[in-house]
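Working notes for the structure below.
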Amino acid sequence: MANKVRIKFWKGEGWQQFRRLLIYFKPYWKLIAIAFVCALIVGSSGGATTYLVEPTMNKIFANPDKDAARIYLALIPLAVIAIFVFKGIFRFLQNYILRIVGQRVIREIRNLLYEHYQALSVDYYTDTNTGVMMSRITNDVTIMERAVPALTNLFREPLQIAFLAGVAIYMWWQMALIVIVIFAVSAYPVARFGGKVRKYTRRGQERMGVLNSILKENFSGIRVIKAFAMEAYETMRFRRENQRLYETNVKRVVFDEISAPAMEALGSLAAAAVIFYGGMQVVNGTISSGEFFSFVASMGMMYEPMKRTSRMYNDFQGALGASDRVFQVLDTMSTIVDEPDAIEMPPIREKLALESVHFRYPGEKNDEVLCGVDLEVKVGQTVAIVGGSGSGKTTLINFFPRFYDPNQGRVTVDGTDIRRFTMSSLRQRIAMVTQDTFLFDDSIRNNIAYGQSEADLERVVAAAKMAYAHEFILSFPRGYDTSIGELGVRLSGGQRQRLAIARALYKNAPILILDEATSSLDSESEREVQRALENLMEGRTTIVIAHRLSTIRRADRIVVLKAGQLVEDGSHEELLALGGEYARLYNLQFQE
Ligand SMILES: Nc1ncnc2c1ncn2[C@@H]1O[C@H](COP(=O)(O)OP(=O)(O)OP(=O)(O)O)[C@@H](O)[C@H]1O
Ligand SMILES: [Mg+2]
């Protein structure tokens, strides 16, 4: 899985990602520079506090000169307050600045990503899992946000450690060396535990992803599940995945919880050495008790920054991994783009045509779906396409709005290749009604006027009337302002289709591409949809994948598609008389 990508930054693998990520932070470089200065101040404050332990002990507690001790007694607490107030202010500034910058950057990247998704062509969407696309924009971008804060803290925390170590060495360098050796030796097992925790965290996220996709599938397919009485089976499937998630999480918990005690045990080793050897030195008078405690405090205060450093490093790694996934999407090029000098599509005057079109879907194993299709549709005509399931009908109509481009041959309008036209102008001139109607969670009025910025109610009503949708829309409590979400699943198949037809009528495009719904409606509803369609087709150049006899009868011409080729072409009567593929299909489908 993509999640497994582990960027070995120190080996240069993450350098590219990091550089690219920095581009998005660049506009804020001044703010980030301020944050670094703040981090410098915060980083040095720890050392300053432990440094004060020595005068506290030696100048106050162990000072034979009581007057001098009193002066220090007044000064040192003030110094402590000053240090912490200072530290607090700069720490706040640092974190505040970086988090705001982080939020701005993710806002930007999210918008870019969404824009990019919108621009990608249809084939990308057929090949990519929706859940994965969503997680890029929700999770991955959020993880990326942490890159720069993590980086600043990767500067601040080691700095803190360095200052504390500096104080420790200054106070007592021999002992400091011993403790550093102990720490260095103990770093290895601790790092190993950390690695395990990361591994199981990642695996847990993957399992959670699987669980999510099961949920998505089940909720949207609940009718099928119920119809097949598969509730128990689906519950089992869910339980199994959930169990896997549990097992991964248990492993993570073990390693997560073991690392702190392990670290403390090793720490105690250092502490014991310090007390034993250090106590001896203090008793012997080699070092003062002030130096001793200052040393101990410095060492003790190193624990937190060390823990934070490792966490920040993980955050940083995570951010690089996430940027890798996001950049992959941003680097995916749309397969269908406007030519640089594309022109506005002029009004269609004469004909629409496919010229020896060959096509196979992207992918190694796919066979040719269309092998040399020629088709001409005169302006104002209706051409019906019939053919068995899988013969390539839907594929064929998808060329007109350029959902796909043919591999060979061309699609033309009045002899000009449609690739010469800008996609937006081309698509403006085409209205499409597909087998499954998609309605947005918005008012009926806006659904009908979809694609137009301002919904003109008069035109919406006119379109709805022509689509025989006006009456049932008025029967809803809020009429045209009723939202689709409010209605939930209460729209019947026929009603949905009529809304789709109203939408196409409202668009009022000269070219109409129609993929008739295969599911049969009851005869009442069927008649209304049929009449709505007649209104829609009126005066438009129409290509329709026909499943209804009435549509076929109305068509000026019928073409028959079989195994990727047009095998017959003519009127209903002509083709019946021919007694070929059309006659066969007709007898199968429409004979009743
Ligand atoms: N995205 C795709 N990737 C690969 N192959 C595809 C894709 N879409 C369709 N096909 C294949 O292309 C062939 C033609 O499909 P198409 O959808 O055009 O058939 P159709 O004539 O519309 O069928 P139906 O009447 O069942 O809707 C089929 O063999 C199908 O499996
Ligand atoms: Mg189809």
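Applying the set (1) out of contact with any Leu (no Cβ under 9 Å at 6 or more places or on another chain); (2) within 14 Å of ligand 1 (Cβ to nearest atom); (3) outside any strand (DSSP E or B) to T395 leaves exactly one unmet item: (1).
Checking every residue in the stretch 227-239 against the condition of being surrounded by 14 or more Cβ atoms within 10 Å (Cβ to Cβ) and under 25 Å from the mean Cα position of the chain (by Cα) gives at least one match.
Exactly one residue among I178, I214 is of a type in the set (A, V, I, L, M) and under 30 Å from M301 (Cα atoms), and that residue is I178.
For the stretch 465-512, filtering for residues that are within 30 Å of R349 (Cα to Cα) and without any contact (Cβ under 8 Å) to a residue 24 or more places away in the chain leaves 1.
All of D414, D367, D405, D436 fail the test of being away from ligand 1 (no atom under 15 Å from the Cβ), open to solvent by 10 Å² or more (accessible area, probe 1.4 Å) and among the charged types (D, E, K, R), apart from D414. For the stretch 413-471, the set of residues classified as away from ligand 2 (no atom under 16 Å from the Cβ) and acidic (D, E) consists of D414, D417, D441, D442, E454, D456, E458, E471, listed by residue number. Highlighted here are the helices (runs of 4 or more DSSP H) found entirely within the stretch 546-592 that include at least 1 residues which are touching a residue at least 40 places away in the same chain (Cβ under 8 Å) and among the hydroxyl-bearing types (S, T, Y): 549-554, 581-589.
If a residue has to be in contact with an Asp or Glu (Cβ under 9 Å, 6 or more places away or on another chain) and open to solvent by 20 Å² or more (accessible area, probe 1.4 Å) to count, how many in the stretch 91-128 make the cut? Here the count works out to 2.
Checking each residue in the stretch 290-310 for being open to solvent by less than 40 Å² (accessible area, probe 1.4 Å) and not aromatic (F, W, Y) picks out G290, S294, A297, S298, M299, M302, P305, T309. Answer yes or no as to whether G88 is surrounded by 19 or more Cβ atoms within 10 Å (Cβ to Cβ) and assigned by TED's automatic domain parsing to the domain that holds V326. In short, no.
Cβ-Cβ distances below 6 Å connect the following pairs, each with a first residue in the stretch 513-536 that is within 14 Å of A384 (Cα to Cα) and at pLDDT 85 or above, a second residue that is open to solvent by 70 Å² or more (accessible area, probe 1.4 Å) and within 16 Å of ligand 2 (Cβ to nearest atom), and a separation of six or more residues or different chains: D515/Q435. Scanning the stretch 112-125 for residues that are touching a residue at least 40 places away in the same chain (Cβ under 8 Å) and either within 16 Å of ligand 1 (Cβ to nearest atom) or under 25 Å from F400 (Cα atoms) (or both) turns up H116, Y117, A119, L120, S121, V122, D123, Y124. Within the stretch 314-357, the residues that satisfy the criterion of being hydroxyl-bearing (S, T, Y) and either surrounded by fewer than 19 Cβ atoms within 10 Å (Cβ to Cβ) or under 28 Å from Q381 (Cα atoms) (or both) are T332, S334, T335, S356.
Limited to the stretch 501-550, what total is found for residues that are on the phi < 0 side of the Ramachandran plot, away from ligand 2 (no atom under 16 Å from the Cβ) and not polar (S, T, N, Q)? Selection size over the stretch 501-550: 27.
Hey, among the residues in the stretch 173-200 that are among the β-branched types (V, I, T) and at pLDDT below 80, which one's most open to solvent (accessible area, probe 1.4 Å)? First the steps, then the outcome.
We begin by selecting, within the stretch 173-200, every residue among the β-branched types (V, I, T); these are 178-182, 185, 190, 197.
Those still in the list that are at pLDDT below 80 too: 182, 185, 190.
On the way: I182: 37, V185: 104, V190: 34 Å².
Per the criteria, the residue is V185.
Being farther than 25 Å from V190 by Cα, touching an Asp or Glu at 6+ places or on another chain (Cβ under 9 Å) and among the hydrophobic types (A, V, I, L, M, F, W, C) is a property that does not hold for I287.
Residues in the stretch 367-392 that are assigned to a loop (DSSP other than H, G, I, E, B) and within 16 Å of ligand 2 (Cβ to nearest atom): G388, S389, G390, S391, G392.
The numbered conditions (1) open to solvent by 40 Å² or more (accessible area, probe 1.4 Å); (2) at pLDDT 90 or above are all true for S492 except (2).
The values are calculated or read from the model by the stated rules, or taken from the named source; none is laboratory data. Quick caveat: nothing in here was measured; it's all calculated off a predicted structure. Glycine also receives a Cβ, built like all others from the backbone with ideal geometry; neighbour counts cover every protein chain displayed. All accessible areas refer to the heavy atoms of the entire protein, side chains included, with ligands and DNA or RNA removed. Shrake-Rupley method; radii C 1.70, N 1.55, O 1.52, S 1.80 Å.
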